[in-house]
Each structure stands twice: as structure tokens, then as C-alpha cells.
1. Looking only at residues in the range 107-122 that are crowded, with 19+ Cβ neighbours inside 10 Å and away from the ligand (no atom under 16 Å from the Cβ), which one is nearest to V172 (Cα to Cα)?
2. Being under 17 Å from V237 (Cβ atoms), surrounded by fewer than 21 Cβ atoms within 10 Å (Cβ to Cβ) and under 24 Å from the mean Cα position of the chain (by Cα) is true for just one of T322, T314, T343. Which residue is that?
3. Taking the range 70-95 as the region of interest, how many residues are out of contact with any Leu (no Cβ under 8 Å at 6 or more places or on another chain), more than 16 Å from the ligand (Cβ to nearest atom) and at pLDDT 90 or above?
4. Select from the range 220-249 the residues that are among the hydrophobic types (A, V, I, L, M, F, W, C) and surrounded by 20 or more Cβ atoms within 10 Å (Cβ to Cβ) and list them in ascending order.
Amino acid sequence: MKTVIVVAVTTAKTAAVRASLASLVLAAPFGLAACGGGDESATPPSTAAAAQCVVEPVNVVVSVDQWGDIVSELGGDCARVTTVLASSAVDPHDYEPAPSDAAKFGGAQLVVINGGHYDEWAAKLAATSASNAPVVDALEASGAEAPHEEHEEGHGHDHGDEGHEGEPNPHVWYNPAAVTGVADAVTAELGKLAPDAAEYFDERRAAFAETMKPYDQAIASIKASATGKTYAATETVFDDMASALGLTNRTPQGYQAAAANESDPSPADLDAFLRLLGDGGVDALIYNVQTEGSVPQQLRGAAEQAGVPVVEVTETVPSDATSFESWQVSQLKALAEALGVTT
Ligand SMILES: [Zn+2]
């Protein structure tokens, strides 16, 4: 049985992990035959879950795929999930919505966005095209501090907090508390929209918690052994997770501020980073493989030359990942290995 579950989880795109552990086990005999085609709708877990869903599916629109997979797992067959930015080939930071995107929000009963400036376009489309739909905002769910009061330009404030933009890090799918918060909020909203399926959604939530156990365990074991270890990062994407793991961020401040603003670091900031790596001043370099440009590559080269392990992470769900949790767990395992921690 155990082997079959592993096969199902690693070959079926997201459908397998959407099922509860129980239905996976029950469906296992079909799993081997059905998974070969890679057709989501043909996989047994969905079929098993379909029998339990007796309501008209709730229409959910999700802005980006980092949340889309989670929402699909939670909604199962009682939700019709449309993820607007479902391709890892597009940089969400630079996304300009197409007219067809507005139409996608048209029939939405529930909208899930990342929040902040990250997908402001989605918040706007939700407000205009699906004004009655509740909106789950991941940044809000994360409990991240609200933006500080805006400083007007030329306002001479005397304490030097350069690089602090007054905005929380938008990459909250890397924040374990945000993931839990979004999952709870989505389940609650789905239950309100389709009360007859509330129990079904509660079961999906429990199944999601079950599939997240390897993620929770990886975080717990890294945290237990690696607290106080240091890292630097080519991009701010992983910082929330690193902080949850108890790691200390040694990315030079100026570089980090530039990266957060998507601008080029000054030569001095880059130089400081290169020296940090050259001196082996951190335990790992977190490298976002989806960031283009010569600067990250130069940093990677410096790390490799100095023997600093490079841990690859991505902004969006890579096309070969079977689920949100498998994506996250494989990155956590790579990090653990780099830090010499067993998970
Ligand atoms: Zn980013």
C-alpha cells in the first residue's frame, strides 16, 4: 500500500494529493492503472471524492498558482477552481491582466488573492467583476504587519531606515502561518457558500493537514537543528520561511532593499555581497532560479567558488511539482542537506 501511495502522489498532478489519505488507500488498486495517462479527471481520488460531493461546485477564482493548488486541494470536487496565473513562465510581479482575465472573475463566488502589491490587479478585478464574492487575502491571513504610514517624498525623517519600504514581504506562501491561515479561511468561506458541503470541506481541510505533515516535520526538524545558522539570498522570496526556520539573514541590507524593489544593487552593495560569500560568511546561499540576470549568477559563482552551498528555490510552483507541499518539501530537504541537518 505504501508504495502505491507514493506512486500516486508523484505521478498524478494534483489530484492525488487532493484526496484524503483514506480515499487514497481505498482507491489504490485503481491508482496504478489510472495514473499512467496523467489525466487529472481520470484519477481515482477525484472519483472517490465526487461521490461525496452532492452540491453544485463553488466557483473559485485564484490569482496565482502558489495558492491555486492549495485551494484546489481544499475544494476538491465541490469547487471549480480557476487559477488566473497558472504558468510558472510568467513573473507575477510584472503581470498585466488581459481583458479575458476580467471575464474569469465574472462568475466567481469566492476569490483568493495573495494580497499587497503582488497581485493588485486581481483585487481590482474582484472588486469590479465579482463584487459580491468574499476575498481571502493571504497577506492579511499571514498576520503580516500592515504597511507603515506612507512617507511623502521629501519628508525629512531623521532615523535612517533605508531599504525599509514599509511594506511586508509579499511572498507569504513561504510563510507557514499564512498557509494555515489561508487554508482555514478558504474552508470557512466554502462552507458558508455551500453549507450542505460544509462537512465535505472540513474533511478536505483535514486531508490537507495530513498531506502537509511532511512539510510540518521538515520545518520542525530544520528548526530544531539549524537555529542560528545563517544564509544570504539573491531574492527575498524565501525569507519568511527562513525566519520560521530560525535562520539568520545576512544578506547585505543595501542589496536586499534593491532586490525587494526589483532594482539593480549598487556596485558597493554587490561588492559587499560578493565579499560575504567569498569569506564563507554564511552557511547557505538561497538562490531563486526564476530570477534572471547576471547579478544572481555572479553571486552563485562566488558562493560555489567559496564552497558555500547553493539552495535553489522558485517563486512559483515549478511545472514538475506534483503539489504545493511536494514542491515545498523538496526545497526544504535541499536546504536541510545544505545545512547538514537530517530531516
Ligand atoms: Zn518575488
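The values are calculated or read from the model by the stated rules, or taken from the named source; none is laboratory data. A quick note: this is a predicted structure, and the numbers were derived from the prediction, not measured. Cβ coordinates were reconstructed from backbone atoms using ideal geometry, including for glycine residues, and neighbour counts include every protein chain displayed. Heads up: the accessible areas ignore ligands, DNA and RNA and are worked out on the full protein's heavy atoms, side chains in. Shrake-Rupley method; radii C 1.70, N 1.55, O 1.52, S 1.80 Å.
1. V112
2. Matching residue, one of T322, T314, T343: T314.
3. Number satisfying all stated conditions: 11.
4. Passing the criteria: I222, A226, A232, A233, V237, F238, M241, A242, L245, L247.
Here is a yes/no grid of residues against (1) open to solvent by less than 10 Å² (accessible area, probe 1.4 Å); (2) more than 16 Å from the ligand (Cβ to nearest atom); (3) modelled with pLDDT of 95 or more; (4) in contact with a strand residue (DSSP E or B) (Cβ under 9 Å, 6 or more places away or on another chain):
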position: F105; (1), (2), (3), (4): yes, yes, yes, yes
position: L125; (1), (2), (3), (4): no, yes, yes, yes
position: N132; (1), (2), (3), (4): no, yes, yes, no
position: D137; (1), (2), (3), (4): no, yes, yes, yes
position: S142; (1), (2), (3), (4): no, no, no, no
position: P147; (1), (2), (3), (4): no, yes, no, no
position: G163; (1), (2), (3), (4): no, yes, no, no
position: H171; (1), (2), (3), (4): yes, no, yes, no
position: T180; (1), (2), (3), (4): no, yes, yes, no
